[in-house]
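Take a look at the structure set out below.
The values are calculated or read from the model by the stated rules, or taken from the named source; none is laboratory data. Since the model is a prediction, treat every value here as computed from it, not as a measurement. We place every Cβ from the backbone using ideal geometry, glycine too, and count neighbours over all the protein chains shown.
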Amino acid sequence: MTAPDTSRRLDASLLLLVLLVALGLRCYNLAPRPMHADEANQAVKLGQLLEQGRYVFDAADHHGPTLYYFGLIPAWLRGQTTLAALDETTVRLTPAIAGVVAVALLWLLVRPWGRWPALLAAGLLAVSPAAVYYSRYFIQETLLVTFTLGALVGGQRWWRSGRLGWAVAAGVCLGLMLATKASALVYALVAVLALAASGASGRSARQLGAAAGTALAFALVGVGLFYSSFGRNPAGLSAAVHSIGLMTVKATAGLTGHEKPWWYYASLFVWHWNGLWWDQSLFLLPALAGVVMALRRRGLPRFLALNTAVIAVVFSLTPYKTPWQVVGIIPGLCALAALALTRLRWLVAAPFVLAMLLELGWQMRRAVFSKPADERNPFAYVHSSPDVKKVSAIAAAAPAGAIKVISAEYWPLPWYLRHRPDTGYWTEPPADCDAALIFVDAAQAGTVRERLKGKYWEGFLGLRPGFMLVVFEREEK
């Protein structure tokens, strides 16, 4: 066996080990955490696509369609073809597998720096608390990160080889990015600016123009297919364009209730105490050192430093903030931390890397497996209370008859009541409130109680921290 063959086998073995860790952390025991309201909303849309075979993009308050179309794959493989048949494991497998693919793509992107930087970057992403947590969340962020990394790897490979097939791959991934979430435009524009400032050389303007044109053509085809529901809903294309303006207003107007100070994302990495200790300083410090080092080097290092820094600044200065957006900068931070650490002597780097991985692993275990829905968990944002997992059992034990949900906020109840097509939803109490089972927000419970004609048992159910539902169950005659 030649030396190159041995080297390739070692690379493959080490990468496989990292991917197995990433796979285990992302796919193990996906069901116990209660469904977040956003997850439930997305999962119900997947169920509708399964049952009706049709998806219509809604620009008002939803993201792109890739999550639902890719979600069909695990559903079909597991033999689940209706909303009622779906379960938490099935819907969460889509972002979980995408998260594993992201680890492999980051390894590919960083591999030109050497075996150990690539392995360390992939390993850091594999155990990153936020990356693992949101890889187990049925929302768009992890898919967006994966497609972005795919576009970067395709562009990098084209730059190195000149083969147009890599430009096609980059274009396909760019199209998937844009069909995942409107904020993909931010990632794409920042990447173009970072590339222009990276000092990369070796390609003529003519070559670059041809590759960019090819990539853009394939991207637009992908966007057209997904937003038009593969030709079944042409109006989805205009809705997709309209969503860009809606996203801009939502992110900058400061009227959504999700506004936070500029340092919010940085606070997810530095030490803080909220009844529990959270800290990723041992990861953040080498990442910041890597930014400084990378800015001095042309090509990929400078590109990643600029790309990561600018995205972080844009997101930090935008009033609208949710913690899952932080996953967009984590792959870049992982690569830059690996760049800095692998420039140290082994006697210094090895114990630091070990301590960093232990800290990340401990924080990840607490956030993902120990306290995934705890309001003290910085990643469990406005999370559903564990109480909601009782809803299905309550409905199954209730007397025969219709179910009424009377509340301005009721997600994720439609997910837990998906087996009951006789469920109706009201934001305010109707004239006739009677039903076999009633869920009503505490503020309107008095009005509902006055309008009930039968006899009911009463109980309480926590929807999320600070929001309580009153449950009325009709007494059997």
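Restricting the range 28-61 to residues that are within 21 Å of residue 88 (Cα to Cα) and among the aromatic types (Phe, Trp, Tyr), which is surrounded by the most Cβ atoms within 10 Å (Cβ to Cβ)?
Filtering first and then ranking leaves 55.
Within the range 421-461, track down each residue that is farther than 23 Å from residue 84 by Cα and in contact (Cβ under 8 Å) with a residue 40 or more places away in the chain.
Answer for the range 421-461, where residues must be farther than 23 Å from residue 84 by Cα and in contact (Cβ under 8 Å) with a residue 40 or more places away in the chain: 434, 448.
Of the conditions (1) in contact with a Phe, Trp or Tyr (Cβ under 9 Å, 6 or more places away or on another chain); (2) of a type in the set (A, V, I, L, M); (3) part of a loop (DSSP other than H, G, I, E, B), residue 388 satisfies every one except a single condition; which number is it?
Just one mismatch for residue 388, condition (3).
Let me spell it out: the conditions are (1) crowded, with 20+ Cβ neighbours inside 10 Å; (2) at pLDDT below 95, and residue 375 meets all of them except one. Which number is the exception?
With (1) crowded, with 20+ Cβ neighbours inside 10 Å; (2) at pLDDT below 95 applied to residue 375, the lone miss is (1).
Quick check on my filter: what residues within the range 420-452 are within 14 Å of residue 402 (Cβ to Cβ), in a loop (DSSP other than H, G, I, E, B) and within 30 Å of the chain's Cα centre (by Cα)?
The answer is 420, 421.
Against the definition (surrounded by 24 or more Cβ atoms within 10 Å (Cβ to Cβ) and over 26 Å from residue 365 (Cα atoms)), how does residue 76 come out, yes or no?
no
Filtering the range 130-140 down to residues that are closer than 14 Å to residue 93 by Cα and not β-branched (Val, Ile, Thr), which residue is surrounded by the most Cβ atoms within 10 Å (Cβ to Cβ)?
Selected residue: 135.
Take the residues in the range 320-351 that are among the aliphatic types (A, V, I, L, M) and outside any helix (DSSP H, G or I); name whichever of them is modelled with the highest pLDDT.
329
Any residue that is over 25 Å from the mean Cα position of the chain (by Cα) and either among the acidic types (Asp, Glu) or within 14 Å of residue 303 (Cβ to Cβ) (or both) - is there at least one of those in the range 160-170?
yes
Any idea how many residues of the range 223-254 are of a type in the set (Gly, Ala, Ser) and under 14 Å from residue 184 (Cα atoms)?
Going through the range 223-254 one residue at a time, the tally reaches 4.
Given the structure, is residue 365 out of contact with any Ser or Thr (no Cβ under 8 Å at 6 or more places or on another chain), in the same structural domain as residue 35 (by TED's automatic domain parsing) and modelled with pLDDT of 95 or more?
Against the criterion (out of contact with any Ser or Thr (no Cβ under 8 Å at 6 or more places or on another chain), in the same structural domain as residue 35 (by TED's automatic domain parsing) and modelled with pLDDT of 95 or more), residue 365 qualifies.
Keeping to the range 192-213, report how many residues are closer than 14 Å to residue 294 by Cβ and exposed (fewer than 11 other Cβ atoms within 10 Å of the Cβ).
Number of matching residues: 0.
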